[in-house]
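Notes follow once the structure below has been shown.
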Amino acid sequence: MEYRVLKYFLTVAQEENITRAASLLHISQPALSRQLMQLEEELGVKLFERGKRKTCLTDAGNLLRRRAEEIIELTEKTENEIRHHDSTVSGVINI
């Protein structure tokens, strides 16, 4: 499971539409659909109920959404901490 694919998954879950999500992600709709199908195959579960106008999450999809949000948040927090590690002043002051 790749970070990039989790971001794709979250965008589709938020937009509830693969075509709209693909546009926001600046990738083609077939490429996004393929990534989502590969993710479903990798996990061995169906993540979406696909309709003509709306794509809804299954129970497994809702679980993955919660976990993916946690993973993305933790990854972004870690990147920020590492970037600002050298610019942070820290230490012990004794009086």
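Computed quantities for the displayed model
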{"item": "Residue under evaluation H26, criteria (1) under 23 Å from E76 (Cβ atoms); (2) open to solvent by less than 60 Å² (accessible area, probe 1.4 Å), criterion not met", "result": "(2)"}
{"item": "Y8 being open to solvent by less than 100 Å² (accessible area, probe 1.4 Å) and touching a residue at least 40 places away in the same chain (Cβ under 8 Å)", "result": "no"}
{"item": "Selection count where residues are assigned to a loop (DSSP other than H, G, I, E, B) and in contact with a helix residue (DSSP H, G or I) (Cβ under 7 Å, 6 or more places away or on another chain), scope the range 28-52", "result": "4"}
{"item": "Residue within the range 53-60 that is out of contact with any Cys (no Cβ under 6 Å at 6 or more places or on another chain) and touching a residue at least 60 places away in the same chain (Cβ under 8 Å) present", "result": "no"}
{"item": "Residue list for the range 2-27, filter: assigned to a helix (DSSP H, G or I) and acidic (D, E)", "result": "E15"}
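Rundown of residues vs (1) touching an Asp or Glu at 6+ places or on another chain (Cβ under 8 Å); (2) closer than 14 Å to Q14 by Cα; (3) open to solvent by 80 Å² or more (accessible area, probe 1.4 Å), yes/no style:
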{"position": "L39", "(1), (2), (3)": "no, no, no"}
{"position": "L47", "(1), (2), (3)": "yes, yes, no"}
{"position": "K54", "(1), (2), (3)": "yes, yes, yes"}
{"position": "R66", "(1), (2), (3)": "no, yes, yes"}
{"position": "E70", "(1), (2), (3)": "no, no, yes"}
{"position": "E73", "(1), (2), (3)": "no, no, yes"}
{"position": "N80", "(1), (2), (3)": "no, no, no"}
{"position": "R83", "(1), (2), (3)": "no, no, yes"}
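The values are calculated or read from the model by the stated rules, or taken from the named source; none is laboratory data. Note that this is a predicted model, so its numbers are computed, not measured. Here the Cβ is made from the backbone with ideal geometry for all residues, glycine too, and neighbour counts use every protein chain on show. Each accessible area value is taken on the protein alone, full model and side chains, heavy atoms only, with ligands, DNA and RNA left out. Shrake-Rupley method; radii C 1.70, N 1.55, O 1.52, S 1.80 Å.
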